[in-house]
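A.B. asks: Please see the structure below; I have some questions.
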Amino acid sequence: MPELGELGGIWLLGLSLGLTACTVTCLPFMGTWVLARERGAVWADTFAFLAGRIAAYAGLGLAAGLAGAWLAATLKAGVGHLAIGLASGAAGLWLLAETGHRPCAVQRRAAQLSPFALGFSLSLVPCAPLASLLAFAAQTGSAPAGAAYGLVFGLGAAATPLLLVLPLLGRLGQRLRAERAWLGIWLRRAAGLVLVVLGVYRLRLGF
């Protein structure tokens, strides 16, 4: 099993991602999503998004422990962009279809899964810290050790300014809707359209 010192280094590696590139990459997607969401959903969406990132890194670490360098090559081929495009497009379509009335069980489940899917997919894009994680995990030659590396990396990446920025954006959206009730519908439609456009752009990058 990994030593404590190694795990500490992996956590710092994840922290370096969470405090820098993560915010820049994720804000256009999750910022748009929470801006259009109703009161009480922002914190749940934020934690679901971070849970998706942690789950993705743990899974990537596990796969790297099994598959070695093959996984890094697969990610460079554009799989991450395709996953982001699908997740972003699905989230945008949900916002465009949402009417503001009490949603059914299927709609509530889709709303809960969208931020998790965004967090998971946004973790699949290659970057220097992720490449280092995969290299360390591949060297272990062990799925459990690789998963441990990925989990600790994800916990470091979860310490991100998004924990402050997303609730502020959610509060801004709530205030705008409180001042002008009609604005809520147009805010959802605009946010949905932005997410669909971002999704199409990412799909093009993937292809």
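The values are calculated or read from the model by the stated rules, or taken from the named source; none is laboratory data. Values in this document were obtained by computation on a predicted structure and should not be read as measured data. All Cβ positions, even for glycine, are placed from backbone atoms using ideal geometry, and neighbour counts span all protein chains on display. The accessibility values were calculated without ligands, DNA or RNA, using every heavy atom of the protein model including side chains. Shrake-Rupley method; radii C 1.70, N 1.55, O 1.52, S 1.80 Å.
A.B. asks: Which angle between 0 and 90 degrees, to the nearest 10, do you get for helix 42-67 versus the longest principal axis of the chain when only C-alpha atoms count?
C.D. replies: The two axes meet at around 30 degrees.
A.B. asks: Sort Leu15, Leu151, Leu75 from largest to smallest accessible area, using a 1.4 Å probe on the heavy atoms of the protein chains. Don't jump to the answer; show the numbers that get you there.
C.D. replies: Working: Leu15 35, Leu151 80, Leu75 15 Å².
My answer, sorted largest first, is Leu151, Leu15, Leu75.
A.B. asks: Could you put Arg175, Arg188 in order of accessible surface area, largest first, with the 1.4 Å probe and the full protein assembly present?
C.D. replies: Arg175, Arg188
A.B. asks: Can you tell me the dipole magnitude for the chain around its Cα centre, using point charges on the Cβ only (Lys, Arg +1; Asp, Glu -1), in Debye to the nearest 20? Present the calculation step by step, with values, prior to reporting the outcome.
C.D. replies: Numbers: 15 positive and 6 negative charges, 179 e Å.
Using only the charged Cβ atoms, the result is roughly 860 debye.
A.B. asks: As I understand it, the value is the acute angle between the Cα axis of helix 128-140 and the longest principal axis of the Cα atoms of the chain; what does it come to in degrees, rounded to 10?
C.D. replies: Rounded to the nearest ten degrees, it is 40.
A.B. asks: For Leu172 and Tyr201 in the same chain, what is the full-extension length gain: residue separation times 0.36 nm, less their Cα-Cα distance, in nm? Intermediate results must be reported in sequence, preceding the final value.
C.D. replies: Working: separation 29, 0.36 × 29 = 10.44 nm, distance 2.67 nm.
Extra length available between Leu172 and Tyr201 comes to 7.8 nm.
A.B. asks: Work out, step by step, the length gained on full extension between Leu86 and Leu164: first 0.36 nm times the residue separation, then minus their alpha carbon distance; give nm to one decimal.
C.D. replies: Details: separation 78, 0.36 × 78 = 28.08 nm, distance 2.64 nm.
Value of the extension gain: 25.4 nm.
A.B. asks: Identify which of Ala128, Ala111, Ala159 has the largest mean-square fluctuation in a Gaussian network model of the chain, with springs joining Cα atoms closer than 10 Å.
C.D. replies: It is Ala128.
A.B. asks: For Ala21 and Gln139, FRET efficiency with R0 = 25 Å and r from the beta-carbon atoms, rounded to 0.05?
C.D. replies: Working: r = 23 Å, r/R0 = 0.93.
Result of the calculation: an efficiency of 0.60.
A.B. asks: Relative contact order of the chain: what whole-number percent is it, with Cα pairs under 8 angstrom and at least 6 residues apart?
C.D. replies: Working: 357 pairs, mean separation 93.1, N = 207.
Reported as a whole number, the value is 45 percent.
A.B. asks: May I pose another question? Between Arg189 and Val79, how high is the FRET efficiency from 1/(1 + (r/R0)^6) when r is the Cβ-Cβ distance and R₀ = 41 Å? Nearest 0.05.
C.D. replies: 0.85
A.B. asks: To continue, here is another question. If you scale each eigenvalue of the Cα gyration tensor by 5 and take the root, what three semi-axes come out for the chain, rounded to whole angstrom and sorted largest first?
C.D. replies: Semi-axes, largest first: 33, 17, 13 Å.
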